[in-house]
Amino acid sequence: MNTNYRRRKILIALALSSLMVLSGLSVFSMVSSANPTTLVAKTADSSSANGNNSTLYLSPGATPEFVDNFNPYNIWTEPSGIMGMIYEPLLQVNTYNGTVIPWLATGYSFSKSGLYLNMTLRQNVTFSNGQPFNSYDVVYTFNIEKKAVDDWGAVENISAPGLYKVSFKFYTPQTNYLFYIGCTAIMPTNQTWEQQTGSNGVPDPQSAVVTDPIGTGPYVLSSFSPQKVVLVKNPHYWQKGLPKIDKLVYVDYTSNSALSLALAEGKVQWASVFEPNVTSLFVQNNPKTNHYWYPAGQPVTMMVNDLMPFLNESYVRQALSLAINRTALCQIGEYGYERPANAADILQQQLSYLNKTNLNQANSLAQFNPSKALSMLEEHGFKLNSKKQLEYSNGTLVPTISLMSVAGYSDWDTDITIIAADLKAIGINVVTTTPTGSNLASDIADGDYQLAVDTVSGIGPNPWYDYSGLVGSVTPIGKTAYVNEERWNATGTDFMSAYTNYTLTGNLTLQDKYTNEMVNVMLNQMPIIPLVYSGDWYEYVNNTIGGWPNQNNSFWIPMPWYPHPSEVVVLHLYPLTSAKAVKVTSTVTYEYIGVAIVVVVIAAVAGVTLVNKRQKKRND
C-alpha cells in the first residue's frame, strides 16, 4: 500500500484521539519494582557479550526520502518504527491479544471513584543524555500535550505526589484512559524545542524540528541522511545487557520492487513489504535463512454508504455480504496470503470473545451463499427479471452501484473485479473505479461514494476497540466525517448503550456481556461488510541474527514499522555465534520475580489512533 495514504489515515486518527473514549480489559503480570531489570529478555545466545559486533539492516516499507526530524509528537515519522527505539511508553501493549508488559511504569491503581489514576514508575532509569527519569518527566510530557497540543481534555490535572509516583485526576470517572496514557512516549523535562512558538506566538511543539532526540529507549541517533539513518546502543539503557544488537541501520527504498530486490540480495534483514510471490522471490533464494510470517491484521472492509438508497437497508447489506466469495478474494486477489474475515468485523485473534450464537452468525454471514442472498432480497419484494437484473417490486431496476478501490493496489483492484462479478450474479450491476488514495479517502470522508474497499476498524486489545471508528453522529453527505464514515445511524438499536456501558465497568463478565450485545447489533445491522483480514507483512533473514518472532513463536507483533511493538522485538534479537542458519525456535523467555497476576482495565483513544496502521504496502 502507498505509504503516504497510510500515514494520512493515521494522522486523521491521531487528531481524533481526544474526541473518543475507548476502553478494554486485559490480564498482565506485574513485575516486582524491587528489581527493574526483571524484564530483561533472556536468550540462548550471549555472543554480544563476547565482543561480536552486530548490525541489523531494516526497512519498514517503501517510503519517500527520510526527513531529519525526530519530534516525538509525530511518532509515525519516517522511517516508521524508529521513534519507538528512542522514546518509550509507560506500558507495552500487544494489540493482537491484549498482553501488557509494564515498561516505564511498573504498576497503577484507580481510586474507588474512578477520578484518579495513580501510577508507580520504574526506578534507576535514565534518559540517553544521562538525566534521571522520574515522575516530573511524566507530568511534564502530559502537561505539554494538554496545554500546547490541546489534548487530554478529560484530564483535569496531572501531579507528582512522589519522585516515582504520578497521579492523573479526571473531570469524570475515566478508568478507560489507561491504555492511551500507557502508550504515550515520555520525554525529559525542559526540552528547549518544546518551547518553540508558532506564528501566533503560542508554543507549538508539534511543529518543532528535533535533530538530537533524547529518550529512555535502547538506541540513540548516530547519523542521518535522507537514504539511511543509523542508531547505536544507548549506553544508559535501563535493561541491563540489552540491546544485544549494536547498531540499527534504517535504509530507504522508495518502491516495493526495490525493497523486494534488496531483501532477495540480503541487503535488508527485517522488512515489511508486499510481494506477489514471496516464496519464489525471497524464500527460495535461501530457504534456511529467508522467512516470512503474515499474521492477520485489520479486516479489509467494503465500506457502504448507509445513507444511499438501496444500501440504506440492513438486509441489503447482509445480502451483499452473502453474495461475495471471500475465498476467491483471498486466493486470487490476495495471492493466498490473507484469510476470509468474519462478518462481526473484529480481529481474528479476538474471536474468542464471541458467544456461540454470535460466532455462528458471524461465520454464516461471511459464507459465500448467493442463493441465500437472493432469497433474502426476494423476501423484501425484490426479484430478478428475464435479463437476470434485480428489480424492485414495482419493476424498477436497482440502479448501477459504484465500487471504488485505490489505484495501483493490485490486490484490491483484483478484489473489486471479483466482487463486481459476484454481485452481478444476484442481479446487481456494479461499475468499478480506482481513484488515487487521497481522492478515495476524501470521497469516503465526504460521503461521495456508494461502495469502497478500505480499512476503517479500530485496533486494540479487544473487540470494543474494533468498533471505535464506526460510531459517532451521522454526518450528512457532502460534509466531512472523521468517524462513522459509513454514516450508520445506530438509533433504535442497543449498540450505543452497550458501547457506553462497557467503558463504565471493569467487571469481566459484564464486559463480555456488553461486547456480545455490540456484536449482535453489528451482525444484524452490518453497517460495513468485512471482506478479508489484511496481511501484516513481515519478512526476516536469520543468517546472522536470531530471536525473531514467527508463527511458532508469536511472542509479539512483528512488523518493523510499528513504533513501540518493534522495540520489544528488537530487544529479543541477538547475534548468532556463526553465520550459519539456525532453526528459529522459542529461545526467548521473560524472567518475572515476585510476580502478581492482576486484572487491568486498559482503555483510551488508542483504538482510534491505531486505525489503519496495518495498512498494506503493495505493488508500485
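Kindly indicate whether any position in the range 367-375 is closer than 30 Å to T400 by Cβ, under 27 Å from the mean Cα position of the chain (by Cα) and either open to solvent by 40 Å² or more (accessible area, probe 1.4 Å) or assigned by the TED database to the domain that holds A323 (or both). Checked against the condition, which is being closer than 30 Å to T400 by Cβ, under 27 Å from the mean Cα position of the chain (by Cα) and either open to solvent by 40 Å² or more (accessible area, probe 1.4 Å) or assigned by the TED database to the domain that holds A323 (or both), the range 367-375 yields at least one hit. T95 meets the stated requirement of being out of contact with any His (no Cβ under 6 Å at 6 or more places or on another chain), open to solvent by less than 20 Å² (accessible area, probe 1.4 Å), under 24 Å from T503 (Cβ atoms) and at pLDDT below 95.
The set of residues in the range 375-401 being outside any strand (DSSP E or B) and either charged (D, E, K, R) or in contact (Cβ under 8 Å) with a residue 60 or more places away in the chain (or both) consists of M376, L377, E378, E379, H380, K387, K388, V398, P399. Please determine whether any residue of the range 98-112 is within 22 Å of D536 (Cα to Cα), in contact with a helix residue (DSSP H, G or I) (Cβ under 6 Å, 6 or more places away or on another chain) and outside any loop (DSSP other than H, G, I, E, B). No. Among the residues of the range 64-86, the one identified as open to solvent by less than 10 Å² (accessible area, probe 1.4 Å), of a type in the set (S, T, N, Q) and within 23 Å of N256 (Cβ to Cβ) is S80. For Y237, the conditions (1) on the phi > 0 side of the Ramachandran plot; (2) assigned by the TED database to the domain that holds P558 all hold with the exception of (1). Please tell me if G437 is over 15 Å from T301 (Cβ atoms), among the small types (G, A, S) and open to solvent by less than 20 Å² (accessible area, probe 1.4 Å). Judged against the criteria, G437 is a match.
If you go through the range 223-269 and keep only what is outside any loop (DSSP other than H, G, I, E, B) and over 16 Å from E78 (Cα atoms), you end up with V232, K233, K247, S257, A258, S260, L261, A262, L263, A264. It is to be established whether one or more residues within the range 167-177 are in the same structural domain as L104 (by the TED database), open to solvent by 20 Å² or more (accessible area, probe 1.4 Å), among the hydrophobic types (A, V, I, L, M, F, W, C) and in contact with a helix residue (DSSP H, G or I) (Cβ under 7 Å, 6 or more places away or on another chain). No, the range 167-177 contains no residue that is in the same structural domain as L104 (by the TED database), open to solvent by 20 Å² or more (accessible area, probe 1.4 Å), among the hydrophobic types (A, V, I, L, M, F, W, C) and in contact with a helix residue (DSSP H, G or I) (Cβ under 7 Å, 6 or more places away or on another chain).
Of all residues in the range 467-502, exactly one satisfies the criterion of being open to solvent by 30 Å² or more (accessible area, probe 1.4 Å) and basic (K, R), namely K479. With respect to the conditions (1) at pLDDT 50 or above; (2) not in a loop (DSSP other than H, G, I, E, B), V608 lacks only one, and its number is (1).
Checking L470, L423 one by one, the residue that is in a helix (DSSP H, G or I) and in the same structural domain as T503 (by the TED database) is L423 and no other. Checked against (1) over 22 Å from Q525 (Cβ atoms); (2) touching a Phe, Trp or Tyr at 6+ places or on another chain (Cβ under 8 Å), H380 passes all but a single condition, namely (1).
The set of residues in the range 148-170 that are more than 25 Å from Q123 (Cα to Cα) and in contact (Cβ under 8 Å) with a residue 24 or more places away in the chain comprises A148, V149, D150, D151, W152, G153, A154, F170. Restricting Q551, Q525 to those that are open to solvent by 10 Å² or more (accessible area, probe 1.4 Å) and either within 20 Å of G458 (Cβ to Cβ) or at pLDDT 95 or above (or both) reduces the list to Q525. Taking each residue of the range 409-431 that is at pLDDT below 95 and looking for partners that are in a helix (DSSP H, G or I) with beta-carbon atoms closer than 8 Å, six or more apart or interchain, yields D411/G333; W412/G333; T414/I332; T414/G333. Does the range 189-203 contain at least one residue that is within 28 Å of S54 (Cα to Cα) and part of a loop (DSSP other than H, G, I, E, B)? So far as the range 189-203 goes, no, none of its residues is within 28 Å of S54 (Cα to Cα) and part of a loop (DSSP other than H, G, I, E, B). Answer yes or no as to whether S80 is in the same structural domain as W556 (by the TED database), touching a Pro at 6+ places or on another chain (Cβ under 9 Å) and modelled with pLDDT of 90 or more. So S80 fails the test.
The values are calculated or read from the model by the stated rules, or taken from the named source; none is laboratory data. Source: prediction; values computed, not measured. Heads up, the Cβs are rebuilt from the backbone with ideal geometry, glycines too, and the neighbour counts pull from every protein chain shown. With ligands, DNA and RNA removed, areas are computed over all heavy atoms of the protein, side chains included. Shrake-Rupley method; radii C 1.70, N 1.55, O 1.52, S 1.80 Å.
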